[in-house]
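Undergrad: Quick one: this structure, given as structure tokens, is what I'll be asking you about.
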Amino acid sequence: MSTTFTVVNPATEQAVAEVALADVATTDAAIERAHEAFPAWRDVAPGERARLLRRFAAVVDEHVEELAELEVRNAGHTWGNATWEAGNVRDCLNYYSATPERLFGKQIPVPGGIDVTFHEPLGVVGIIVPWNFPMPILAWGMAPALASGNTVVVKPAELTPLTAVRIAELALEAGLPEGVLTVLPGRGDVVGQRFVTHPLVRKVAFTGSTRVGKQVMAGCADQVKRCTLELGGKSANIVFADADLRAAAASSPYAVFDNAGQDCCARSRILVQRPAYDEFLGLLEGAVAGMKVLDPSDRDSEMGPLISAHQRSVVQGYVDEVDVAFTGPAPDGPGYWVPPTVVLAESTQQRIWREEVFGPVVAVLPFDDEADAVALANDTDYGLSGSIFTGDVGRALRVARGVQAGNLSVNSHSAVRYWTPFGGYKQSGLGRELGPDAPHAFTEEKNVFIAH
Ligand code: NDP
């Protein structure tokens, strides 16, 4: 088995770095160090842990451009996205730096005494990160887990380890003690799997494919280990005839083509109410044609390449099965490019309608009425995200309540914020990240009765 991995720039196909891969012995040693570091980190005074997290956020802030440049080269993310993502790490750290001083329990009236509850940290938490959003997904687990007093081991995706490695260096620079945050580049079936099987790892926060997520959940069951799963999606963007169609068409490409469609929240199915179907498609064609699909280091770029030649061939496999209605632009020359691609669905049984493509491809289908829209949106194993465009606020609420998905937006393509909960229904996941309650997912709630 290879002991190093060559990181490749997906926009140029040139090697960027050679990264050493951790084996099981290295992983075990890191988990044991994290376990040894846990009692001291748990016992850091709340105000001091808060200060250290704010200092960590400040050091990340000083390196936003450096981290963004790394992500542009490693993951092919556009400069705009990559700077947002590095800023998101800073913002998550700042937001959860309020946790240590606010990890409140309850006082519950009971006869003969009082009952108080505590949120106790778990110990070592393992975070398994995919290649599509290396920085935010790291931060969404790391920040609340550290804030509530756990130590953290991280397995970045093999394809995209560079920003995680740098963020761990910045943590040390900010003054976090050794062993509190450890990043272990390595294979999923070696390092990731060891997080699942090692008894000292008390929780696994996994983001990735539904296939591997099911394996992680099954493996955790063996030790009744806590796990959070953020998995795939096949989300719907529902456009009613009473919507501002121009605004809906301008917004819709960003609901699916952001990050070249490599987004678990990608709304890769567009449902359009029949009377508006032709007009909406005409407007969408113009919006897609106008997308700036450019070298991701270009400050104007709105969409970059796919992560790898493999991912491009997976996506191309879906496109080859269907008739393409229209596409946007894509550069010639090196890089794993696929243009933004729009397909008119012929049946809800087509693979393009049912499976997560994880590339810049969207399928469009007409619907008749509200009930039809909700039924079509829910006709999927997944339930992560969704958007609704309508001029009727009552309808927006009815449909939002009817769609079985964790994160919805009305008259907007954006629903993910670090201070609101994020997670999926059905096979899109288990548990919630982000929002004010996230630190509780990294603690056990304990109740203590004290007799009078
Ligand atoms: P995976 O689920 O394989 O990878 C996600 C993470 O899990 C990576 O860090 C991976 O490591 C790790 N991993 C892999 N196998 C194991 C294992 N047995 N035990 C523990 N950890 C493991 O996703 P892929 O990268 O293969 O992507 C395949 C498809 O999954 C995509 O095309 C997309 O459809 C979906 N996906 C969804 C994501 C989401 O955000 N919901 C994110 C990424 C992918 P390594 O990188 O070394 O393989």
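Undergrad: In contact (Cβ under 8 Å) with a residue 40 or more places away in the chain and open to solvent by 70 Å² or more (accessible area, probe 1.4 Å), is that true of Arg49?
TA: no
Undergrad: Can you tell me which residue among Val393, Val342, Val374 is open to solvent by less than 20 Å² (accessible area, probe 1.4 Å) and either touching a residue at least 40 places away in the same chain (Cβ under 8 Å) or more than 16 Å from the ligand (Cβ to nearest atom) (or both)?
TA: Val342
Undergrad: A follow-up question, please. In this structure, does Ala441 turn out to be in contact with a Lys or Arg (Cβ under 8 Å, 6 or more places away or on another chain) and not in a loop (DSSP other than H, G, I, E, B)?
TA: Here the answer is yes, as Ala441 does meet what is asked.
Undergrad: Could you please find all residues in segment 169-215 being open to solvent by less than 50 Å² (accessible area, probe 1.4 Å), away from the ligand (no atom under 16 Å from the Cβ) and either assigned to a helix (DSSP H, G or I) or under 22 Å from Val7 (Cα atoms) (or both)?
TA: Leu170, Ala171, Ala174
Undergrad: Just need a number here: residues in segment 218-231 that are in contact with a Cys (Cβ under 7 Å, 6 or more places away or on another chain) and farther than 19 Å from Phe422 by Cα.
TA: Of the residues in segment 218-231, 1 are in contact with a Cys (Cβ under 7 Å, 6 or more places away or on another chain) and farther than 19 Å from Phe422 by Cα.
Undergrad: Looking at segment 379-395 only, could you name the residues that are assigned to a helix (DSSP H, G or I) and either in contact with a Phe, Trp or Tyr (Cβ under 9 Å, 6 or more places away or on another chain) or of a type in the set (Lys, Arg) (or both)?
TA: Result: Arg395, single match.
Undergrad: Right, something else. I'm trying to understand the selection: among the residues of segment 401-441, which are of a type in the set (A, V, I, L, M, F, W, C), more than 23 Å from Phe389 (Cβ to Cβ) and more than 16 Å from the ligand (Cβ to nearest atom)?
TA: Trp419, Ala438, Ala441
Undergrad: Quick one: in segment 288-329, which of the residues that are over 25 Å from the mean Cα position of the chain (by Cα) and under 19 Å from Gly80 (Cα atoms) is surrounded by the fewest Cβ atoms within 10 Å (Cβ to Cβ)?
TA: Gly290
Undergrad: Filtering segment 309-368 down to residues that are in a strand (DSSP E or B) and of a type in the set (S, T, N, Q), which residue is farthest from Leu231 (Cα to Cα)?
TA: Thr327
Undergrad: Continuing with the same structure: Here are Trp41, Trp84: which of them is in a helix (DSSP H, G or I), open to solvent by 50 Å² or more (accessible area, probe 1.4 Å) and either under 29 Å from Leu306 (Cα atoms) or not polar (S, T, N, Q) (or both)?
TA: Trp84 is the lone residue from the list that is in a helix (DSSP H, G or I), open to solvent by 50 Å² or more (accessible area, probe 1.4 Å) and either under 29 Å from Leu306 (Cα atoms) or not polar (S, T, N, Q) (or both).
Undergrad: From the list Trp140, Trp131, pick out the single residue that is part of a loop (DSSP other than H, G, I, E, B), under 22 Å from Glu66 (Cβ atoms), of a type in the set (Phe, Trp, Tyr) and open to solvent by 10 Å² or more (accessible area, probe 1.4 Å).
TA: Of the residues listed, the single one that is part of a loop (DSSP other than H, G, I, E, B), under 22 Å from Glu66 (Cβ atoms), of a type in the set (Phe, Trp, Tyr) and open to solvent by 10 Å² or more (accessible area, probe 1.4 Å) is Trp131.
Undergrad: Inspect segment 405-420 for any residue being assigned to a helix (DSSP H, G or I) and either modelled with pLDDT under 95 or open to solvent by 70 Å² or more (accessible area, probe 1.4 Å) (or both) and give the result as yes or no.
TA: So far as segment 405-420 goes, no, none of its residues is assigned to a helix (DSSP H, G or I) and either modelled with pLDDT under 95 or open to solvent by 70 Å² or more (accessible area, probe 1.4 Å) (or both).
Undergrad: I'm trying to understand the selection: among the residues of segment 223-243, which are within 13 Å of the ligand (Cβ to nearest atom) and farther than 16 Å from Leu430 by Cβ?
TA: Answer for segment 223-243, where residues must be within 13 Å of the ligand (Cβ to nearest atom) and farther than 16 Å from Leu430 by Cβ: Lys234, Ser235.
Undergrad: Could you check segment 52-68 and list, in sequence order, the residues that are assigned to a helix (DSSP H, G or I), of a type outside the set (A, V, I, L, M) and touching a residue at least 40 places away in the same chain (Cβ under 8 Å)?
TA: Result: Arg54, Arg55, Phe56, Glu66.
Undergrad: If I filter segment 221-242 for residues that are more than 15 Å from the chain's Cα centre (by Cα), surrounded by fewer than 22 Cβ atoms within 10 Å (Cβ to Cβ), of a type in the set (A, V, I, L, M) and assigned to a helix (DSSP H, G or I), do I get at least one hit?
TA: Yes, segment 221-242 contains a residue that is more than 15 Å from the chain's Cα centre (by Cα), surrounded by fewer than 22 Cβ atoms within 10 Å (Cβ to Cβ), of a type in the set (A, V, I, L, M) and assigned to a helix (DSSP H, G or I).
Undergrad: Next up: Which condition breaks for Val89 when tested against (1) away from the ligand (no atom under 15 Å from the Cβ); (2) surrounded by fewer than 23 Cβ atoms within 10 Å (Cβ to Cβ)?
TA: Only one criterion in (1) away from the ligand (no atom under 15 Å from the Cβ); (2) surrounded by fewer than 23 Cβ atoms within 10 Å (Cβ to Cβ) is unmet by Val89, namely (2).
Undergrad: What are the residue pairs meeting all of these: first residue in segment 1-16, first residue without any contact (Cβ under 8 Å) to a residue 60 or more places away in the chain, second residue in a loop (DSSP other than H, G, I, E, B) and open to solvent by 40 Å² or more (accessible area, probe 1.4 Å), Cβ atoms under 6 Å, and 6 or more apart or on different chains?
TA: From residues that are without any contact (Cβ under 8 Å) to a residue 60 or more places away in the chain, there are no pairs.
The values are calculated or read from the model by the stated rules, or taken from the named source; none is laboratory data. The structure displayed is predicted, hence computed values, not measured ones. When we count neighbours, we look across all protein chains shown, and the Cβ atoms used for this are built from the backbone with ideal geometry, even at glycine. We work out accessible area using only protein heavy atoms, side chains counted, and drop any ligands, DNA or RNA first. Shrake-Rupley method; radii C 1.70, N 1.55, O 1.52, S 1.80 Å.
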